[in-house]
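Read through the structure below, which is laid out as structure tokens, and then see the notes.
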Amino acid sequence: MWTSSSSAGLRVLQLLQHRCLLTAHRGPRQLCRLMSSSGPPWRLLFFGSDQFAVESLKILTCSRNSSEGLVESLEVVTLSGDVPVKRFALQHHLPTHSWPPRHVDGQFDLGVVVSFGCLLPERLINKFPHGILNVHPSLLPRWRGPAPVFHTILHGDTVTGVTIMQIRPDRFDVGPILNQQLHQVPENCTAEELGNVLASKGAHLLVDSLMTLSEKMENRREQGQTGVTFAPKIDKSMSWIVWEEQTCDQISRLYRAIGARIPLKTLWMDRTITLLNYVGRCHISLSDQRKKPVPGSVSYQKESNTLAVCCKDGWVGFKDVVLKKKLTAADFYNGYLHQADEQLFVSRKTAPETYPVRENSSL
């Protein structure tokens, strides 16, 4: 007599036989992989967009072409537009899918998400027998969200790292952790420099995780609520310096975090000034030592050809600005600043409501 468990076992066997018949045209290797996919070589579907993701895709592509037996097949889901991951996939003749992907059932063992930016629904995740892994450039649960590297620099973290986690449906960066590696943040490094290092470390940590995935799955740990921080997107509003509130160190971190993508800005008279080529803290001597400078005060330093600006706890310098066009510190001082009544940069938040802020057309 069949028990209920025996009946369930029979149904599972019948389902496997049915799937094998449906895919018989693939040949013995594919049939074997369908019946047993508990380890490498993996059939992977990669989700990614930017240059950070390319590093992981690159190492997976090399693994597919090597004799180590880690990757059997590799296909790519990418976003619309001319994004780095799509360019790499086309250059290396990797099969590509538009988002959201179709025809995923039974095609892949595992998904890999790196810097993709789209939430994956549960119905998609469930199509992968081993789920979907994510390479994240922080030590989760610190800096969940789309801009962890920028916030690592902006907040002065001295230690960061990379995390391999398992994707959970409909939420970013909350899944269980499979693997982590620490990284000391070099002094004065930029977000771009740190991102490049973490991209490489993350790619190698991904390979390590794929090689021993069953072990990593057994030892995975859920993220706790202690130490959770969020890393929202960087936007242009963050580029406005508040001279009376920000210290030299804070301005330095802001510049190293976003300056390469969103130049720092301030107001001078009724115009937006873009500040370029930050040189850090300046030590200057004023002609009248008895007069305490107001935050935003500008002093041209002829010897170093630098515009020094007073902030909360000192002076910071810039070599160039953009007004109607790019100007050196000397050009801006000679052509504009020394002839004007106002030699003060104004924080946007403290500008009077009637102050007519005029963006330059060339920016």
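Where a number appears in this text, it was derived from the coordinates with a stated rule and is not lab data. Source: prediction; values computed, not measured. Neighbour counts are summed over all protein chains in view; Cβ atoms, including those assigned to glycine, are modelled from backbone coordinates with ideal geometry.
Projected area of region 236-350, taken from the Cα convex hull and averaged over every viewing direction, in nm²? Walk me through the numbers before you get to the answer.
Values: hull surface 27.4 nm².
Taking the Cα atoms of region 236-350, their convex hull projects to 6.9 nm² on average.
Please check which bits of region 95-132 a label hung off ASP170 would reach, taking the label as a point 7 Å along Cα-to-C-beta and the cut-off as backbone N under 14 Å.
119-126, by backbone N distance to the label point.
Distance between Cα centroids, region 31-108 to region 230-278: provide it in whole Å.
Rounded to whole Å, the Cα centres lie 38 Å apart.
Could you go through region 300-306 in sequence order and give the Karplus-derived ³J(HN,Hα) for each residue, using 6.51 cos²θ - 1.76 cosθ + 1.60 with θ = phi - 60°, rounded to whole Hz, and x for Gly and Pro?
Using θ = phi - 60°, the values come out as 7, 9, 5, 4, 9, 6, 10 Hz.
For the residues LYS292, LYS312, what sequence is obtained by ranking on other C-beta atoms within 10 Å, fewest first? Don't skip to the end; give the middle numbers.
Values: LYS292 9, LYS312 15.
Ordered from fewest to most neighbouring Cβ atoms within 10 Å, LYS292, LYS312 come out as LYS292, LYS312.
Positive end of the dipole of region 34-218, charges at C-beta (+1 Lys, Arg; -1 Asp, Glu), about the Cα centre: which of SER138, GLN107, ALA53 has its Cα farthest in that direction?
GLN107
Which value in nm describes the separation of the simple spin-label points at ARG281 and HIS103, placed 7 Å from the Cα toward the beta carbon?
6.1 nm
Show me, bin by bin at 5 Å from 0, the whole-percent P(r) of region 34-218 based on Cα pairs.
1, 8, 18, 21, 22, 16, 9, 4, 1, 0, 0
Name the lysines eligible as straight-distance cross-link partners of LYS58: C-alpha to C-alpha under 25 Å, and not fewer than 8 places from it in the same chain.
Correct list for LYS58: LYS86, LYS127, LYS201, LYS216.
Return the FRET efficiency for the residue pair THR158, SER66: r is the Cβ-Cβ distance, R0 is 45 Å, and the value is rounded to the nearest 0.05.
On the way: r = 36 Å, r/R0 = 0.81.
After rounding, the FRET efficiency stands at 0.80.
What are the GluC sites (Glu not before Pro) within region 202-264 that DSSP puts in a loop, where the Cβ has at most 15 other Cβ atoms within 10 Å? Present the calculation step by step, with values, prior to reporting the outcome.
Numbers: sites: GLU215, GLU218, GLU222, GLU244, GLU245; in loops: GLU222, GLU244, GLU245.
Hits after loop and neighbour filter: GLU222, GLU244, GLU245.
Return a single number: how many Lys pairs in region 220-320, at a sequence separation of 8 or more or on separate chains, have alpha-carbon atoms below 27 angstrom apart.
18
What shape does region 209-303 have by the C-alpha gyration tensor, where a ≥ b ≥ c are the square roots of the eigenvalues, rounded means a/c under 1.5, and otherwise prolate means a/b greater than b/c and oblate the rest?
Values: a/c = 3.11, a/b = 2.80, b/c = 1.11.
Prolate shape, in that a/c is at least 1.5 and a/b is the bigger ratio.
Give, in nm to one decimal, the length gained when the segment between HIS338 and ARG271 is fully stretched (0.36 nm per residue of separation minus the Cα-Cα distance). The partial results should precede the final answer.
On the way: separation 67, 0.36 × 67 = 24.12 nm, distance 1.61 nm.
Stretched out fully, the HIS338 to ARG271 stretch lengthens by 22.5 nm.
Alpha carbon centre of region 175-189 versus region 296-329: separation in Å?
The distance from the Cα centre of region 175-189 to that of region 296-329 comes to 35 Å.
For region 190-232, just say rounded, prolate or oblate: build the C-alpha gyration tensor, square-root its eigenvalues into a ≥ b ≥ c, call rounded for a/c under 1.5, and beyond that prolate if a/b exceeds b/c, oblate if not.
Values: a/c = 4.49, a/b = 1.19, b/c = 3.77.
Here region 190-232 falls in the oblate category.
Counting other beta carbons within 10 Å of each Cβ, put THR78, THR328, THR160 in order, fewest first. Write down the numbers at each step before the final one.
On the way: THR78 26, THR328 16, THR160 23.
In increasing order of surrounding Cβ atoms, one gets THR328, THR160, THR78.
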